[in-house]
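Data first, discussion second: the structure below is written as structure tokens.
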Amino acid sequence: MKESPKKFFLRTYGCQMNELDSEVMAGILQKRGLERTEEESEADLLLYNTCWVRELAARKVMGKLGKLGTSPKKNAIIGVTGCMANAKGGKLFEKLPHLDFVLGTNNIQDLNAVLDEVLLGKQAVRVDPLFKEELDYEGAQRENGLKAYVSIIRGCDKFCTYCCVPYTRGKEVSRPAASIVSEVKKLAEQGFKEICLLGQNVNSYGKDQPEWNIRFHDLLCLLDQIPGIERIRFMTSHPVDITRELMEAIRDLPSVCEFVHFPLQAGSNRILKKMHRIYTKEQYFEKVALLREIVPDVHLGTDMIVGFPTETEEEFLETYEAMEEIEYSTAFLFAYSPRSGTPAKRWVDDVKEEVKEDRLHRLLRLHNRIVTKQRNQALGSSVEVLVDKVAKDPLYLRGRTRGWVQCIFPGDPSLIGTLQTIKIESFSHQTLIGTLQSCEFKSGAKGIPMFAGSSTSALPKICL
Ligand code: SAH
Ligand code: SF4
Ligand code: F3S
């Protein structure tokens, strides 16, 4: 029989949704009286919040979990949560008999109940296909006191043929706007300055609840009015659902940052169709052009997959050319990885691993050149930075621009949590390096927090 745990260890793999789910789970456990430890060996409850999106991510976790069966700390309770839990369910016990519970992404609120079952000597599994109950987001133990993730929609209805997410996270379920607004107001009262709205496709917000009569841009409008929240970000957007209204909201709402993660995935229409991305390259380019017309200083991010089944060199070059033309400031590049249960898994994974790797490297080199060009263009300009923390070099502070570019500058730690104007003087790799500018827009001496307790609406939207 296992004893009631006192200390928990929680490791998170995967995306921001998992990070937020981990913060909620940590909140539930702390409420139960458990203390968090960063040392696996000290814990009597070990939780692994897993990712299933690519084979490598999944294999890493499997290896880690396998090793736990032979470690001397046999009496600890071991639980698997996250997307692997949904993908594998109770089958995980066959390979990993030392696990005590498997808790899916739609069952986080059942964590206490599952622990109680384990304490009664059972192996417990909860993996519901649909998200039902609101989570205790307000009880979440936040990793950061300035920036908070806020869930607005869970699940995905898009079913791209390569992707496991619609199967692991289930159908789209929007969260009531009143609940989101109430959470964000409380975050503002607690001193949070930036929120990042999370969903696999935030632009689908409200579509599953037509009677609410609210869309994503309406939600942005509501949140922009909350005093104290200086910046609003969001991710991810499916290109098909990015509307003109959203573009105008980015332009018009002072706190909404000019950064859109706009994943292209591939540049060839044949591959896009096979991926079931439901847009053509031309439609995507048109949307980018419209967005750039409405929000000229917008920064764009993308995800791209190389080596999708049957992708030819010419088709890859279309992806390469799209990257060259659009000049994304942020890019996450992946080699295709077959995932069980997805339609693409039934097709032969015929692009050799070395070819995938070569395409990935070419794309990465191109992206590095684009970033270097953008950083050079930024020299001499001024940017607004939300000061986040002390940088690796303790004489420097670190933060991000509205366009999500990392920036460091020499400064006093008392500036953490404030918005500052930084003049860019150099850069190293992706990071901009600058100096604090004397306040141009409000009175206040250099080095004194300029905007404490005020809104940024008086600020020009300088965006790198
Ligand atoms: N909802 C988001 C992201 C989901 S997963 C979106 O649609 O943009 C993050 C990224 O992982 C995807 O955008 C895709 O580029 C990549 N990805 C998903 N499944 C993959 C697979 N089987 N192989 C390689 N990359 C994959
Ligand atoms: Fe996956 Fe596509 Fe949904 Fe993104 S939109 S989570 S890539 S199925
Ligand atoms: Fe991974 Fe699940 Fe996120 S598969 S990327 S943790 S939605």
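The values are calculated or read from the model by the stated rules, or taken from the named source; none is laboratory data. None of these values were measured; they are calculated from a predicted model. Positions of Cβ are generated from backbone atoms using ideal geometry, with glycine treated the same way; all protein chains shown enter the neighbour counts. Surface areas here come from the heavy atoms of the whole protein model, side chains and all, with no ligands, DNA or RNA. Shrake-Rupley method; radii C 1.70, N 1.55, O 1.52, S 1.80 Å.
Values computed for the structure shown
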read-out: Test: residue in the range 185-196 that is at pLDDT 95 or above, surrounded by fewer than 21 Cβ atoms within 10 Å (Cβ to Cβ), within 16 Å of ligand 1 (Cβ to nearest atom) and over 20 Å from LEU46 (Cα atoms); value: yes
read-out: Residue list for the range 356-411, filter: in contact (Cβ under 8 Å) with a residue 60 or more places away in the chain, open to solvent by 10 Å² or more (accessible area, probe 1.4 Å) and more than 25 Å from the chain's Cα centre (by Cα); value: SER381, SER382
read-out: Qualifying positions in the range 155-195 - in contact (Cβ under 8 Å) with a residue 60 or more places away in the chain and in contact with a Pro (Cβ under 6 Å, 6 or more places away or on another chain); value: PHE159, THR161, GLY170
read-out: Residue satisfying all of: in the range 253-278; open to solvent by 10 Å² or more (accessible area, probe 1.4 Å), in contact with an Asp or Glu (Cβ under 9 Å, 6 or more places away or on another chain) and closer than 28 Å to GLN190 by Cα; farthest from ligand 2 (Cβ to nearest atom) among these; value: PRO254
read-out: Output for the range 38-67, where each listed residue is open to solvent by 10 Å² or more (accessible area, probe 1.4 Å) and hydroxyl-bearing (Ser, Thr, Tyr); value: SER41
read-out: Residue check, ARG292 within 21 Å of SER329 (Cα to Cα) and at pLDDT 95 or above; value: yes
read-out: Residue selected from the range 298-345 under the condition assigned to a helix (DSSP H, G or I) and under 19 Å from ALA58 (Cα atoms), by the criterion least open to solvent (accessible area, probe 1.4 Å); value: ALA344
read-out: Top-ranked residue of the range 1-27 - restricted to ones that are open to solvent by 30 Å² or more (accessible area, probe 1.4 Å), touching a helix residue (DSSP H, G or I) at 6+ places or on another chain (Cβ under 9 Å) and more than 16 Å from ligand 3 (Cβ to nearest atom), ranked as farthest from ALA148 (Cα to Cα); value: MET1
read-out: Test: TYR162 is more than 10 Å from ligand 2 (Cβ to nearest atom) and open to solvent by 20 Å² or more (accessible area, probe 1.4 Å); value: no
